[in-house]
1. Would you tally the residues in segment 98-123 being in contact with a Phe, Trp or Tyr (Cβ under 8 Å, 6 or more places away or on another chain), over 21 Å from ARG76 (Cβ atoms) and surrounded by fewer than 18 Cβ atoms within 10 Å (Cβ to Cβ)?
2. Would you check which residues across segment 124-135 are open to solvent by 80 Å² or more (accessible area, probe 1.4 Å) and at pLDDT 95 or above and list them?
3. Just one of (1) modelled with pLDDT under 95; (2) open to solvent by less than 40 Å² (accessible area, probe 1.4 Å); (3) more than 15 Å from the chain's Cα centre (by Cα) trips up ASP95, so point out which.
4. Quick one: which of LEU23, LEU41 is modelled with pLDDT of 95 or more, of a type in the set (A, V, I, L, M) and open to solvent by 20 Å² or more (accessible area, probe 1.4 Å)?
5. Within the set of pairs 6 or more residues apart or between chains, which connect a residue that is within 13 Å of GLN24 (Cβ to Cβ) inside segment 116-142 to a residue that is of a type in the set (D, E, K, R) and surrounded by fewer than 11 Cβ atoms within 10 Å (Cβ to Cβ) with Cβ atoms less than 8 Å apart?
Amino acid sequence: MTWIAPSVERRELPTAAGEREMLQGWLDFHRDTLLVKCAGLTPDQLVEASAPPSALTLLGLVRHMADVERTWFRARFLGLRIGDLYFAEDNPDADFHDADPAGAERDVAAFRAEIEACDKAVADHGLDETFSPRPGRTLNLRWIYVHMIEEYARHNGHADLLRERIDGATGS
């Protein structure tokens, strides 16, 4: 039996909440949205570059966002010395270009695990806590949340188009 990307129930967005809850809510909404765009598809469909000439795929987006989450929350903010999931010096776009249907289930699970690890890693840190990703540049945890929300929003727009080209599904 072929694995099919599981359905996802998007979490409710907070409508009147404090800053941290609001940022977390929108980030979770966008994380869930990416998975909603993948739901019900086969591994082959997840790696279909459905909008030529672009080589972008839904699984490539999942892999990319797993690395982006890991990089910003755990490597840069916390300073953990953890390797990338997909990025490599000799292949910086491996997250997009090396997506393989045989690894689809594993890649989606890695994405979910990375989200959980990132949320847990920053749960006890304040939004005003700063870090320096490079000399002369100071950012705070709030910046990461806002950046992640805009990163997901942009890529979820790509996911909308890719999904529509694969099987005609639109919306949500």
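1. Within segment 98-123, residues that are in contact with a Phe, Trp or Tyr (Cβ under 8 Å, 6 or more places away or on another chain), over 21 Å from ARG76 (Cβ atoms) and surrounded by fewer than 18 Cβ atoms within 10 Å (Cβ to Cβ) number 2.
2. Our first condition is that a residue be open to solvent by 80 Å² or more (accessible area, probe 1.4 Å); within segment 124-135, this holds for 124, 128, 130, 134-135.
Hits for segment 124-135 are ASP124, ASP128, THR130.
3. The failed condition is (3).
4. LEU23
5. Sorted first by the residue in segment 116-142, then by its partner, the pairs are LEU127/GLU19; LEU141/ASP128; ARG142/GLU19; ARG142/ASP128.
Residue-by-condition table, conditions (1) without any contact (Cβ under 8 Å) to a residue 60 or more places away in the chain; (2) not in a loop (DSSP other than H, G, I, E, B):
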| site | (1), (2) |
| --- | --- |
| ALA49 | yes, no |
| LEU56 | no, no |
| ARG70 | yes, yes |
| ARG74 | yes, yes |
| GLY83 | yes, no |
| PHE96 | yes, yes |
| ILE144 | no, yes |
| ARG154 | yes, yes |
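The values are calculated or read from the model by the stated rules, or taken from the named source; none is laboratory data. The shown structure was predicted, so the numbers you read here are calculated from the model rather than taken from an experiment. A quick note on method: Cβ atoms are made from the backbone with ideal geometry, for glycine too, and the neighbour counts reach across all protein chains shown. Side chains are part of the model used for accessible areas, which takes the heavy atoms of the whole protein and leaves out ligands, DNA and RNA. Shrake-Rupley method; radii C 1.70, N 1.55, O 1.52, S 1.80 Å.
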